[in-house]
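Each reported figure results from applying straightforward, stated rules to the coordinates on display, with no laboratory input. If you're wondering where the values come from, they're calculated on a predicted model, not measured in any experiment. Cβ: placed from backbone, ideal geometry, glycine included. Neighbour counts: every protein chain shown.
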Amino acid sequence: MKRNEAVERWVAEMAALTGPDRVVWCDGSEEERRRLTQEALGTGQLLELNQEKLPGCYLHRSNPNDVARTEQLTFLCTRRKEDAGSTNNWMAPADAYARLSGIYKGALRGRTLYVVPFLMGPRGSKFSKVGVQVTDSIYVVLSMRIMTRMGDAALAELGTGDRFVKCLHSLADLNPERRFICHFPEDYTIWSVGSGYGGNALLGKKCFALRMAGWMGRQEGWLAEHMLIVGLERPDGRLSYVAGAFPSACGKTNLAMLVPPASYKGWKIHTVGDDIAWIRVGPDGRLWAINPEAGFFGVAPGTNPKTNTNAMGTFSSNSLFTNVALTPDRTVWWEGMEEPKAGAVGYFDWQGRPWSPGSGTRGAHPNARFTAPARQCPSISSQWEGPDGVPLSAILFGCRRSRLAPLVVESLNWRHGVYLGATIASETTAAAAGAVGVVRRDPMANLPFLGYNVGDYFRHWLSMETRCPKLPRIYRVNWFRVDGKGKFIWPGFGDNLRVLRWILDRCEGDAKATETPLGNLPTPEALDLAGLDLGPESMKTLLEVDRPGWTEAARQQEEFFQSIGPAMPRELVEEKDALVKRLGSA
Ligand code: OXD
Ligand code: MN
């Protein structure tokens, strides 16, 4: 491979800082995968799974203090504090470099520094961007190998250029007190230390493809979003693509791979991406999206042949599992899979402790993950690596709300759609450290991943109206409404296609809707409910407009908007005022 001087210079600098015994350049080859896997098996970083049942699959157990993203330790380090905005932690770049250099200094003594060039996006695409991560974790290298186009392919794409994102990572001593994930967008640099967890350590993912790319996209006129991308093909062959933002661990992977209900004969699903979308205006004036990743880093608990058979097919080989339970025949298990017999022996929990099913303790960590190559997904789209991406017919903003938010609302126009996304509030999940089930603001389901001021982000979204002549329609959805007994009302999973069908029909102008203060809701007959056990009362709850509840929600939105300060676009405040007015009249 031709050498790239800028990369070599930077790697030498990072090696001088961290002091490794060896520097190994990764080429992405199969031989390298085998060699690194053997090494990781030797040190116990990986455990071999049953190679007959799960060929090429391995188990990783993380440090129990390092099992989720740590948002409180994640910083934007911009020269001006206001560029980080009210929702991000901020540190001055000089302070962050000094503080973290102290931790990195000599941290790789006795260790190997792996150099991992990686490409986000398909080869030969104008969307795509190169990064180089240096790391002391083989688990991270092998995960990056699945999640990105890694090795020589990335260097070939970079050529002799010097525009690459410089990603420094070290596990250091895994001390949560010395754990930092710092982004320096002005320097194209990410420094992460003290964590081996996916979102903190696989720097191509959240750090680059969302925060750093968000910053780049603002400057270059495109969007980096926390969105799945899926193609929906009707029996007559019409194919439409939808992108959907949902908070972490709220079913993006399941929606991207959904299996149509039995009555949907002839419908086909084409998975393009399950977590991140880069979106640009295409030459035809529509929005086009790519998935910058090459793999899925999905939440394992709850995944089973009924909820996501395509995911089961995807990770049946060449995959890594993190913090799942180990079965007596060295396969994997997690909550939500078929329950083993209570008291069965030979199981180990996610921390490697002997464990018995039915003992009342968890086998897998709630944020246990699978890391699997996208190309293995049975429903993968033939277009998933297309350099131009796929054109979007609709954008979804999803939330997880047990009350208040209806099943689906159609926005009145782009500006109102941006407002619907900007005002998402959702119940927290185990994907981030901290309390679970607490309602918090999560604009565009992207709050933890914003690479700049949230007010400027809203403005950037609004500006698409002037850049893009053929914008997709925007919808807000909520699959998570519960009844009086706390049970989910909507069946979710494959049946979400019923809602997507209404959305597609609306985009094509042939489905009925009722105008409400919130936006357009389906008339009860417009949603296809055939074969579902959902009475009129349930549908009434799913489609209700709770006026006092929304009046209070609008008051809370006002507080949120005010907290954003001068960057907050007036247009969205006006949308909130218009909602209050609509709620008050009629
Ligand atoms: C993820 C997350 O891992 O959102 O995708 O936390
Ligand atoms: Mn995510």
Residue-normalised 222 nm signal for the chain, counting each DSSP H run of n ≥ 4 as -39,500 (n - 2.57), nearest 500 deg cm²/dmol, is -8000 deg cm²/dmol
The relative contact order of the stretch 296-373, taking Cα pairs under 8 Å that sit 6 or more residues apart, comes to a percentage of 43
At q = 0.14 1/Å the base-10 log of I(q)/I(0) from the Debye formula over the alpha-carbon atoms of the stretch 188-322 is -0.73
With ASP173 itself left out, Lys, Arg at +1 and Asp, Glu at -1 over residues whose Cβ is under 15 Å from its Cβ give +2
With 0.36 nm assigned to each residue of separation and the Cα-Cα distance removed, ARG238 to ASP546 gains 107.2 nm
Rounded to the nearest Å, the spacing of the alpha-carbon centers of the stretch 43-71 and the stretch 484-535 is 39
Per the rule of 0.36 nm per residue minus the C-alpha distance, extending ARG80 to ARG375 adds in nm 102.1 nm
Membrane-span-like helices (DSSP H runs, Cα span along own axis at least 18 Å, mean Kyte-Doolittle at least -1.0) in the chain -> 5-18, 454-467, 570-584
Note to self: C-alpha centroids of the stretch 315-387 and the stretch 394-416 sit apart, in Å, by 32
Two pseudo-spin positions, 7 Å from Cα along C-beta at GLU537 and at ARG123, lie apart in nanometres by 6.0
Pseudo-spin-label distance ARG9 to LYS470, built 7 Å along Cα→Cβ, given in nm, is 4.4
In whole percents, the bins of 5 Å from zero upward hold the Cα-Cα pairs of the stretch 34-141 as 2, 9, 11, 14, 18, 18, 14, 9, 4, 2, 0, 0
For the stretch 1-72, Rg(Cα) over 2.2 N^0.38 Å is 1.49
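With the contact rule set at Cα under 8 Å and sequence spacing of 6 or more, what percent relative contact order holds for the stretch 516-586?
41
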The FRET efficiency for ARG22 and SER316, from their Cβ-Cβ distance with R0 = 22 Å and rounded to 0.05, is 0.05
As straight-line cross-link partners of LYS81, the qualifying aspartates and glutamates (C-alpha separation under 16 Å, not fewer than 8 residues apart within one chain) are ASP95, GLU186, ASP187, ASP456
What the Cα atoms of the chain span along the principal axes, largest first and in whole Å, is 73, 58, 44
Quick note, the stretch 126-192: a/c under 1.5 would make it rounded; otherwise a/b > b/c is prolate and the rest oblate (a ≥ b ≥ c, C-alpha gyration tensor); here it is oblate
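Report the relative contact order of the stretch 434-586, percent, no decimals, based on alpha-carbon pairs under 8 angstrom and at least 6 residues apart.
Once normalised by length, the contact order is 25 percent.
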Over its alpha-carbon atoms, the stretch 296-373 yields an Rg and a Dmax in Å of 11.8, 34
Straight-line reach check, LYS206, cutoff 16 Å on alpha carbons, 8 or more apart in-chain or any other chain, hits among lysines -> LYS129, LYS166, LYS252
Residue span ALA435 to LYS53: 0.36 nm per residue of separation minus Cα-Cα distance leaves a gain in nm of 133.9 nm
Label model pair THR514, GLU220: point-to-point distance (7 angstrom along the Cα→beta-carbon line) in nm is 4.6
Once the in-chain neighbours fewer than 8 apart are removed, the lysines whose Cα is under 30 Å from LYS341 read LYS53, LYS306, LYS485, LYS487
With the dipole of the chain defined by +1 on each Lys or Arg Cβ and -1 on each Asp or Glu Cβ, the option from ALA432, LEU113, GLY386 whose Cα lies farthest towards the positive pole is LEU113
